[in-house]
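Have a look at the structure below, then the notes.
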Amino acid sequence: MRLATWNVNSVRTRLPRIIDVLKRHDIDVLAMQETKCNEDQFPRDAFTDAGYKVAVSGTNQWNGVAIASRVGLTDVHTLPQQPGFSKDLTAEQPVEPRSIAATCGGITVMSLYVPNGREISNIHFTYKLRFLDAVCNYAATAVDNDPELRLALVGDWNIAPHDTDVWDPQFFIGHTHVTPRERNALTALEDEGFTDVTHDSGYTYWDYTAGRFGQNQGMRIDMQWASPALADNAGAVSVDKDERAAKGSSDHAPLIVDYEL
DNA sequence: ATGCCTTCTGCAAGAAGA
């Protein structure tokens, strides 16, 4: 089964490109992040016409996640115990649309858009760490209940696991995405037996500004993490850099993995 | 060392991204 994850940076703006990527790469399941629309605005028909079922979570112009599958889509759910967030600590803390999961072709796929964190001193950063805790708890509980579960946690993690995953480690000193606390959250997933099957993918994101893509100044922040029962089935991994190079692209590239089931 | 881009909302410029 061919599973791709892609922060599309607006599903409506990117729609023709997304449908083209599905066809060009013969993708079975696509996990999307930053769809940037509510559920009524989501262009379901275009996916249906292309032969895919969709599961969608979105509330407004921010965040938003979805899964498109042509190999079945059942047991749709979101991340349990997902923390909420508001800039105003005294206000209600709404749970944002940053997770959606479904069983597709024998794999439970969860599409994740991990909070950015903004700055280390910002409360968004502690929100990010709490969100990652919830992901780890979900992963641990899921494989504890069923060690044979094929679970793929995929998406935009907003963490570069190693210094080799950013174009210039010096540039990021004092910033989010590279701190030990963020990286430890991924180590905790490893401790639960999960594997980053995309660890050798190369960069998946290049900032729109400063001509970063042309200079290959990117980051590896999109990943596919596989449960113990799934990791050995992971095969070829690729990043569609041509898609990132195209006019009108997202700032993230599709990250594609073949699983032999 | 952000706002050099890009998106959204909504009509101007601010929020957000990493």
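Here, each number is a calculation from the coordinates, and none is a lab measurement. Given the structure is predicted, the values throughout are model-derived calculations rather than measurements. Heads up, the Cβs are rebuilt from the backbone with ideal geometry, glycines too, and the neighbour counts pull from every protein chain shown.
The set of residues in region A:246-255 being farther than 16 Å from residue A:25 by Cα and not in a loop (DSSP other than H, G, I, E, B) consists of A:252 alone.
For first residues located in region A:52-77 and more than 16 Å from residue A:105 (Cα to Cα), partners that are away from DNA strand B (no atom under 16 Å from the Cβ) and of a type in the set (Phe, Trp, Tyr) and lie 6+ apart or on another chain with Cβ distances below 9 Å form the pairs A:66/A:47. Within region A:33-58, the set of residues being assigned to a strand (DSSP E or B) and either within 13 Å of DNA strand B (Cβ to nearest atom) or of a type in the set (Lys, Arg) (or both) comprises A:33, A:53.
Which one of A:183, A:220 is basic (Lys, Arg) and in contact (Cβ under 8 Å) with a residue 60 or more places away in the chain? Before you say what the answer is, go through the steps one by one.
On the way: A:183 fails: in contact (Cβ under 8 Å) with a residue 60 or more places away in the chain.
On inspection, the qualifying residue turns out to be A:220.
For region A:18-30, state whether one or more residues are away from DNA strand B (no atom under 16 Å from the Cβ), surrounded by 14 or more Cβ atoms within 10 Å (Cβ to Cβ) and acidic (Asp, Glu). Among the residues of region A:18-30, at least one is away from DNA strand B (no atom under 16 Å from the Cβ), surrounded by 14 or more Cβ atoms within 10 Å (Cβ to Cβ) and acidic (Asp, Glu), which makes the answer yes. For region A:59-101, the set of residues classified as more than 16 Å from DNA strand B (Cβ to nearest atom), under 16 Å from residue A:30 (Cα atoms) and part of a loop (DSSP other than H, G, I, E, B) consists of A:70, A:71, A:72, A:73, listed by residue number.
If the condition is being assigned to a loop (DSSP other than H, G, I, E, B) and under 15 Å from residue A:100 (Cβ atoms), then region A:1-32 contributes only A:8. Note on region A:113-131: residues that are within 14 Å of DNA strand B (Cβ to nearest atom) and in a helix (DSSP H, G or I) amount to 7. Picking from residues in region A:144-175 that are within 10 Å of DNA strand B (Cβ to nearest atom) and either acidic (Asp, Glu) or within 17 Å of the chain's Cα centre (by Cα) (or both), the one that is farthest from residue A:100 (Cα to Cα) is A:168.
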